[in-house]
Amino acid sequence: MSGDSGSTTTSKISSYVLLIVFITLALSLVALIFAAAIVSGYFNLGNDVTGSYVLLALGVLGVSLSTYVLVQTRRRISKLKIVVPPVMTTIECRKCGIKNVRDFQRGDYIFKEIEPCQKCNDKMLITAIYKEVKEKEKERFQF
Ligand SMILES: [Zn+2]
C-alpha cells in the first residue's frame, strides 16, 4: 500500500464519500444531457416532454446535492488538519516574580536562563514548556 497512513480512517471515509459524490455528479450530468436532448427533439417522443422536465429536475438536484456534500467534506477535512496545538514557553523572574508566556522557540528548555527581566534586570528562567490544548473551544470558535 502506498500513500500516507497518518489519518487513516478519516481519509478513507472522505475518499468513499468523494466516489459517491462523483458518481452522483456524473449521473445527474447524464440526466441533464438527456433532458436537453429530449427538449431539442433529438429523441422523438412526440409532444410528451414531461419526462425531460423530470430529468432536468433530477439533474439539477443531483448537481447541487453533490456540490453541497463536496463543500461540506472539504470543510471537515480542513478542520481536522487545523488541530495542531501551539507549544508555549513560560518565562519567570525569580526575583520579582514576573511571568511571561510566549511561543516556543528552538533551543528552549526548562531552567534555561534567557534575557534579563524588564523590571529588575535579573536573568529570567524558563519554568514551563507545554502544549496549549483548546480543541473544543477552538472548534466552536471557528464554526
Ligand atoms: Zn525581575
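Each reported figure results from applying straightforward, stated rules to the coordinates on display, with no laboratory input. Fair warning: this is a prediction, and the values are worked out from it, not measured in the lab.
Residues whose amide H comes within less than 5 Å of that of LYS123, counting only those at least five positions distant or on another chain, are CYS117 (H built at 1.01 Å from N in the peptide plane). Close amide H contacts of LYS112 (hydrogens built in the peptide plane, cut-off under 5 Å, sequence separation of 5 or more or a different chain): ILE126.
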